[in-house]
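Please see the structure below; I have some questions.
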Amino acid sequence: MDKQLTFSLISDELAKAKTSKKEFLERIEKLIPWSEWIGIIKPCYYKGEHGNKPYELELMLRIFVLQNLYDLSDMKVMNEIIDSRAFSEFCGVDSPNQIPDGDTSADSEIYS
């Protein structure tokens, strides 16, 4: 009798799979000095004193990088982060609730 795979076992297997996209983003991860970039941008980043609380600067910066690397619109990058394990791991998200909707662009968050 074959043992049925559980969803968590399948997702662990998928997480370990190496793809060209994952490998490319791992190289980008090592190349970009994230803490340095965040330190430069943070003083200018919207602090949320009025209106909605802003998304984390690092998340928005990572989305901005993905948009530019893959030439994606705001809506397309949101969908790709949800659909692509490589993109979601690069952004450090594990739920669609953590991702800005397509109307919250990385450009407008960083430069507000």
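Could you please find all residues in segment 25-50 being within 22 Å of MET78 (Cα to Cα), hydrophobic (A, V, I, L, M, F, W, C) and free of Cβ contacts under 8 Å to residues at least 24 places away in the same chain?
ILE38
Are any residues in segment 51-97 outside any loop (DSSP other than H, G, I, E, B), among the small types (Gly, Ala, Ser) and free of Cβ contacts under 8 Å to residues at least 60 places away in the same chain, and if so, which ones? Please lay out each step first, then the result.
Looking only at segment 51-97, we keep the residues that are outside any loop (DSSP other than H, G, I, E, B), and these are 57-70, 74-83, 85-91, 96-97.
Of the ones still in play, those that are also among the small types (Gly, Ala, Ser) are 86, 88.
Matches in segment 51-97: SER88 only.
Go through (1) at pLDDT 95 or above; (2) hydrophobic (A, V, I, L, M, F, W, C); (3) surrounded by 11 or more Cβ atoms within 10 Å (Cβ to Cβ) for ILE40 and report which single condition fails.
Among (1) at pLDDT 95 or above; (2) hydrophobic (A, V, I, L, M, F, W, C); (3) surrounded by 11 or more Cβ atoms within 10 Å (Cβ to Cβ), ILE40 violates only (3).
Please work out if LEU31 is loosely packed, with under 10 Cβ neighbours inside 10 Å, among the hydrophobic types (A, V, I, L, M, F, W, C) and modelled with pLDDT of 95 or more. Explain how you work it out, then say what you get.
On the way: loosely packed, with under 10 Cβ neighbours inside 10 Å: yes; among the hydrophobic types (A, V, I, L, M, F, W, C): yes; modelled with pLDDT of 95 or more: yes.
The answer is yes for LEU31.
The values are calculated or read from the model by the stated rules, or taken from the named source; none is laboratory data. Everything numeric here is computed off the predicted structure, so don't read it as measured data. Reconstructed Cβ throughout: ideal geometry from the backbone, glycine too, with neighbour counts over all protein chains shown.
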